[in-house]
Structure formats: C-alpha cells, structure tokens
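In what follows, a structure is listed as structure tokens, so that the remarks can point back to it.
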Amino acid sequence: MIRFAVLISGRGSNMTSLADAIEDYSIAAKITVVISNKCCAGINLAKDRGLPTRVIQRKNFDTQAAHEAAIAAAIHSHRCEYVFLAGYMAILSGDFVNQFAGQIINIHPSLLPAFKGLNTHQRAIDEKAATHGVSVHMVTATLDEGPMIAQASLPLMASDTANSLAARVLQLEHQIYPFVLFGLAKKNLSLSPEGARWHTPSSILADAPAPMRDSLARCLIWPASASKE
Ligand code: GRF
C-alpha cells in the first residue's frame, strides 16, 4: 500500500482525480494527508471526502525554512512514502526538496522543457505551438525541472483559447497523474534520487484500467515505448 501526501493551493481537481482513481480502480494507495498553504476549495473537497487535511500557511511562520519544516513534519507524521504536488503554488527550497529526494513529484501543464512556469496555455497559443500537453516529473531544486516520469500531448486547434486549451489539458492531467500512481502501486514504476524508471513500459498501458488506457493510448509520449503499443 502506497501512502502519499498531496500538496495543493487551489481548486484541487488533480487531488480529486487521484482520490477517485484509488476508489474506482482499487489502486493499492492511500492519500494520508492533503496539505495546503492556504484555505482553498481543494482543502474543502478533501475534507468532504474524509481525507485528513492540514492548512499550513506561510504567514504563520517567520521564515520559509520554518514553514517548510512544518510541512515536512506533517508529511513525516502521516508516514508518507511519496509527495504529489498538485497545483501547489509556492516554490519549495532546495533543502526541502532534497530531504524528499526521489519521493516528490509534480504535474505541470505543458510539455516540459517547453513553457516552464505559469500561463502555459496562453504562451503555447502565442507561440503557435503545434502540440501542448502535460508532464509529470520528479521535483528537484530547480523549478519545473527534474527527471521526466510521464508526458501526454494533444494538438492545438486554430480555435483554441487559453481556457479551451486548459480544459483539454486538464482532462489529460486527470488521467496521467492517476496513471503514474497506478504505475507506482503496480511496481512498474520506480522512483529514486537518480530518476524514474518504468520497468515494462511497453505493457503498462495494457495493464491500466480501461478509461485510463483509452484516453492515454493516443497521446502518451513518455515513457516512449508505452506509446508505441
Ligand atoms: C494544474 O493545471 C496543474 O497541472 C498545475 O496546477 C493546476 C492545479 O489544478 N500544477 P488543480 O488544483 O489540481 O485543479
């Protein structure tokens, strides 16, 4: 059973997609705590479904180090093996990230290394990118970097606005983050400080629950051999 924390700052739809997938597909995993750095819609969603929650706000601490120490203490007290960042809108220090080396992952709405940072959808439109998408990657001390775990892409359409593109990318996000959790739970995916390793990438989609498999089959571009099924 994988025990993991989810760190959020906003609406919490990715946290919800992880919690739903655990229930819907009987994934051997448990969200042991949802931590937010602000009062937000996502923390209410987590409470509504009975998940343990903690709101740990920066303003209540003198320093970033003290704030992060409180977050780390909450993660440790809930005996989490992994930390999933899901819209956590604060830059974590190298000290924090390094103490969870190989255990902390993030979902980012672009095909990294393209469009690090914010406003990814509008920037993809402005740059007339042919494709856009979502990346799940290991977190290192450098923003939106770290070894890739999974990536899925979609084509931009001439009619796309930032909102329409964001909505389509979000649908992919809600499949790929649970897919990564599924890989960890099935021990097809290993994470370590050295990086991410899919053990049998060519069969992971075949083993995945049908909705995940069907929506990712056409658009998963990493792990590369999974997309060649
Ligand atoms: C998502 O687009 C995620 O990729 C990014 O922040 C957003 C969070 O959305 N890191 P939600 O709170 O999960 O709905």
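Every listed requirement among (1) assigned to a helix (DSSP H, G or I); (2) within 16 Å of the ligand (Cβ to nearest atom); (3) under 26 Å from GLY117 (Cα atoms); (4) touching a residue at least 40 places away in the same chain (Cβ under 8 Å) is met by ALA21 save one, (3). Looking at the stretch 148-169, can you tell me whether even one residue there is under 15 Å from SER17 (Cβ atoms) and among the acidic types (Asp, Glu)? No - not one qualifying residue is present in the stretch 148-169. Residue-level check: of (1) away from the ligand (no atom under 16 Å from the Cβ); (2) more than 18 Å from the chain's Cα centre (by Cα); (3) hydrophobic (A, V, I, L, M, F, W, C), ILE27 misses just (2).
A Cβ distance below 6 Å, combined with a sequence gap of six or more or placement on separate chains, defines the contacts here; from the stretch 137-166, residues that are under 22 Å from SER190 (Cα atoms) reach residues that are outside any strand (DSSP E or B) and among the charged types (D, E, K, R) in the pairs ASP144/LYS116. Checking each residue in the stretch 3-18 for being within 9 Å of the ligand (Cβ to nearest atom) and in contact with a Ser or Thr (Cβ under 7 Å, 6 or more places away or on another chain) picks out ILE8, SER9. Put simply, of ALA74, ALA70 the only residue that is under 24 Å from TYR177 (Cβ atoms), more than 16 Å from the ligand (Cβ to nearest atom) and surrounded by 15 or more Cβ atoms within 10 Å (Cβ to Cβ) is ALA74. Set side by side, the residues SER202, SER190 differ, and just one is among the polar types (S, T, N, Q) and touching an Asp or Glu at 6+ places or on another chain (Cβ under 8 Å), which is SER202. Scanning the stretch 167-181 for residues that are among the hydrophobic types (A, V, I, L, M, F, W, C), surrounded by fewer than 18 Cβ atoms within 10 Å (Cβ to Cβ) and over 12 Å from the mean Cα position of the chain (by Cα) yields a single hit, ALA167.
VAL34 is checked against (1) within 12 Å of the ligand (Cβ to nearest atom); (2) assigned to a helix (DSSP H, G or I); (3) buried (at least 22 other Cβ atoms within 10 Å of the Cβ) and fails just one. What number does that condition carry? Condition (2) is where VAL34 drops out.
Read-outs: derived from the displayed coordinates by stated rules, not from any lab. Worth saying up front: this structure is predicted, and the values here are computed from it rather than measured. Ideal geometry is used to build each Cβ from the backbone, glycine not excepted, and the neighbour counts take in all protein chains shown.
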